[in-house]
C-alpha cells in the first residue's frame, strides 16, 4: 500500500469559527517547503506534532495520538472540487491511498519520518461551522471516510511529493474506517475492535463503556 503527499499544510491561529472562546487552527495552508514532524506529549493539551502548527481546542486535539492528520484529495473532491488542500484541517493532503482502509497501528515511512496510524477523527462543531454546511457532523459521519490521525514514531521532515510507503502490517484486521464506525456507536464493530486491543488506553476504554 502506497500513496503520495500532494501538499504539507500548517494552520495559523484564527478566531474559532464555531464561536468558542479560543483560537482555531483548522484553516491549514499548504507550505511548499514541507513540515517537520515530531512526537508531542501524551495528552491532548500537548499540541500538534507538526512544528509551528496551531491546535486551538486543546481538550480534544493534539497529543501523541493526534500528532499529524491526513486526508485524501479524492475525498475533498467528493465533497467539493473547489476545496483547496488543507481545507479539512489536514497536515497532509494525500492521493492514491484509501485512508479508511489502512490498519490501525500500520506504520508508513513518509519522507524522512515514520508515522503510525493511530485513532479516528470525530467531526466537531468547529469543523461544521468552518464549512458552513448545515447538518455537517451527521453528513460527514454517515459518509464514514474521515482520513487518519498518525502518531510520530521517527521524527523528520516531510516534503510535498513524498511517498507513503507501508512497513510491516499489524497482526489484526481493524481498519481506520471500522474504528471510526465503532467510535460513533456501532456496538458490533466496537466489540471487534476491543477484542483486537489495537487502540490506546482512553480510546479503548471509550469502546468498553459503549458495549
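The values are calculated or read from the model by the stated rules, or taken from the named source; none is laboratory data. Values in this document were obtained by computation on a predicted structure and should not be read as measured data. Quick reminder, even Gly has a Cβ in these numbers, built from the backbone with ideal geometry, and neighbours come from all protein chains shown.
Points worth noting:
- Unique residue being without any contact (Cβ under 8 Å) to a residue 60 or more places away in the chain and farther than 16 Å from residue 89 by Cβ when the list is 195, 162, 166, 179: 195
- Within the range 141-155, the set of residues being closer than 16 Å to residue 62 by Cα and in contact with a helix residue (DSSP H, G or I) (Cβ under 8 Å, 6 or more places away or on another chain) comprises 147, 148, 149, 151, 152.
- Filter result (part of a loop (DSSP other than H, G, I, E, B), at pLDDT below 95 and on the phi < 0 side of the Ramachandran plot) within the range 130-145: 133, 134
- Where a residue in the range 66-85 is without any contact (Cβ under 8 Å) to a residue 12 or more places away in the chain and its partner, wherever it lies, is outside any strand (DSSP E or B) and surrounded by 13 or more Cβ atoms within 10 Å (Cβ to Cβ), with Cβ under 7 Å and at least six apart: 83/76
- Selection over the range 13-39 of residues that are closer than 17 Å to residue 70 by Cα and in a loop (DSSP other than H, G, I, E, B) gives a count of 8.
- Of the set (1) within 27 Å of residue 21 (Cβ to Cβ); (2) buried (at least 19 other Cβ atoms within 10 Å of the Cβ); (3) out of contact with any helix residue (DSSP H, G or I) (no Cβ under 9 Å at 6 or more places or on another chain), all apply to residue 138 but (2).
- Complete set of residues in the range 11-26 that are in contact with a strand residue (DSSP E or B) (Cβ under 6 Å, 6 or more places away or on another chain) and either without any contact (Cβ under 8 Å) to a residue 12 or more places away in the chain or closer than 18 Å to residue 52 by Cβ (or both): 11, 13, 14, 24, 25
- Screening residue 203 against (1) out of contact with any helix residue (DSSP H, G or I) (no Cβ under 8 Å at 6 or more places or on another chain); (2) more than 20 Å from residue 114 (Cβ to Cβ) leaves a single unmet condition, (1).
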